[in-house]
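Read through the structure below, which is laid out as C-alpha cells, and then see the notes.
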Amino acid sequence: MTASQVRMSGCPDCGGRVTEDPKRGEFACTACGTIVQERLLDHGPEWTAHDANEYETKARVGPPITETLHDRGLSTVIDWRNKDAHGNALSARKRRQMHRLRTWNIRSQTSDSQKQYRKQGLAEIDRMAAALGLPTDVRETASVTFRRAHDHGIVTGRSIESVAAASLHIGAAMAGLFRTLDEIETVARVNRTRIARAKRAINAEFDLPIEPGRPVAYLDRFGSQLELDADALRMSRRILETAPDEYLGSGASPVAIAAAALYLADDLTGGRSVSQRAVSETCGVCIATIQTHHPRLRDGYRLAHSS
C-alpha cells in the first residue's frame, strides 16, 4: 500500500487517523498508538546535497512518483527544446521527427476515454487546490480518493468536476484543513449541490474515517480574513471551550458556531471592528444564524466565568 492509501484506510483497531513517522519508519494511529505499518523503505537518495548546484550534479533520476498525475509521473517526457545532449541545435529533419514523437507520446498517454477522464479529473483537483492554497499532501489524498471513485464506478452518471471537487473536500478534511462547500464551490465549475451529492456517494462507498469539523478548526482562518487581533482570537477559543459539548455536537453547523464565536469575541474584547454582515459574508452564513448562536455562546461564557 502507498502512503496515501495507508492514511485513507485509517486505524484497523479504532478507525483513527494514521500519520507517518519518517524517523521511525512506521505509520501509527494518533488516537490509540497502534503501529499500522513498520519497516518502511526510504525511497530518498543515498546522497546529501547542500546547495542547488550540488543537487543538480548528484541527481540521477526524475521527480518522485506522485498520485496527482494520471500516470503517476512514470511516463516518458520528451523535452520541448530542440537540442541534443551536448546542447547543440537539431537539424530541421530531426526537429520534425521530434515533433512527431512528442505528438504520439502525448496521445499514447491518454489512449482511451478512461485515461482521459482520470487525467482531466486530477488536473481539476490540482487547479482547485492551487486556488485554495492547499498543500501537496491534500492534493495527494484527494487524487487517491478520485482514483478510487473512478475505479469503483462512482463517477458514472456524474460530472468530472463534481467528483473532483468532492474528492478535494474530503482530502482537505482528512488532513484537518477543513474547507466549507461554499469555499469549494467558489473554485469549482459546479454548484455545491452536485458536490455534496458526489461527496455522499464517495463516503457511502468507502466509509472514509472523516470526522465533522470542529468550530475551533475555522477560527484562525476566518479570524485572519476578518483581521481580528490576537486577543480576539484567544477569546474566541475560550468561548468555545466554555460551550457545552452537547451544544457543539447538536447538529448545528460548525462554521456557524465559529462565526458567532468570532463576533462575540470581538465584542467582549472591546474591538467592535467587525459587523455581523462582515462575519456573515466572510464565513458564508446568514446573519440570522449568527444571531441565533450568539446569545447561547454569550450565556455559556458568562455562566462559566461567574462561578
For this session: Kindly indicate whether LYS94 is of a type outside the set (Val, Ile, Thr) and in contact (Cβ under 8 Å) with a residue 40 or more places away in the chain.
Result: no
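One line per residue, one yes/no per condition, for (1) touching a Ser or Thr at 6+ places or on another chain (Cβ under 7 Å); (2) among the hydrophobic types (A, V, I, L, M, F, W, C):
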{"position": "ALA123", "(1), (2)": "no, yes"}
{"position": "ARG127", "(1), (2)": "no, no"}
{"position": "LEU132", "(1), (2)": "no, yes"}
{"position": "ASP137", "(1), (2)": "no, no"}
{"position": "VAL144", "(1), (2)": "yes, yes"}
{"position": "SER162", "(1), (2)": "no, no"}
{"position": "ARG189", "(1), (2)": "no, no"}
{"position": "ARG192", "(1), (2)": "no, no"}
For this session: Report yes if some residue within the range 181-191 is crowded, with 18+ Cβ neighbours inside 10 Å, in a loop (DSSP other than H, G, I, E, B) and in contact (Cβ under 8 Å) with a residue 60 or more places away in the chain; otherwise report no.
Result: yes
Problem set entry | Scan of the range 13-30 for residues that are surrounded by fewer than 15 Cβ atoms within 10 Å (Cβ to Cβ) and within 15 Å of GLY176 (Cβ to Cβ), ordered by number | THR19, THR30
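Only one residue in ARG60, ARG72, ARG39 is within 25 Å of ARG148 (Cβ to Cβ) and modelled with pLDDT under 70. Which one?
ARG72
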Seminar exercise, completed: Pairing a residue in the range 234-261 that is within 20 Å of LEU181 (Cα to Cα) with any residue that is at pLDDT below 70 and among the aliphatic types (A, V, I, L, M), where Cβ atoms lie under 6 Å and the two sit 6 or more apart in sequence or on different chains, gives none
For this session: Taking the options ALA28, ALA52, name whichever one is at pLDDT 75 or above and closer than 30 Å to ILE210 by Cα.
Result: ALA28
Problem set entry | Residue list for the range 76-119, filter: in a loop (DSSP other than H, G, I, E, B), surrounded by 13 or more Cβ atoms within 10 Å (Cβ to Cβ) and at pLDDT below 70 | THR110
Exercise. Does the range 144-151 include one or more residues that are among the small types (Gly, Ala, Ser), loosely packed, with under 14 Cβ neighbours inside 10 Å, within 29 Å of the chain's Cα centre (by Cα) and within 30 Å of ARG179 (Cα to Cα)?
Worked result: no
For this session: Inspect the range 159-171 for any residue being within 29 Å of GLU281 (Cα to Cα), of a type outside the set (Ser, Thr, Tyr), part of a helix (DSSP H, G or I) and modelled with pLDDT under 90 and give the result as yes or no.
Result: no
Exercise. Does the range 174-195 contain any residue that is in contact with a Lys or Arg (Cβ under 9 Å, 6 or more places away or on another chain), of a type in the set (Gly, Ala, Ser) and more than 23 Å from ASP151 (Cβ to Cβ)?
Worked result: yes
For this session: Could you tell me which residue of the range 168-182 is farthest from ASP137 (Cα to Cα), considering only residues that are in contact with a helix residue (DSSP H, G or I) (Cβ under 7 Å, 6 or more places away or on another chain) and among the aliphatic types (A, V, I, L, M)?
Result: LEU181
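The values are calculated or read from the model by the stated rules, or taken from the named source; none is laboratory data. None of these values were measured; they are calculated from a predicted model. Glycine also receives a Cβ, built like all others from the backbone with ideal geometry; neighbour counts cover every protein chain displayed.
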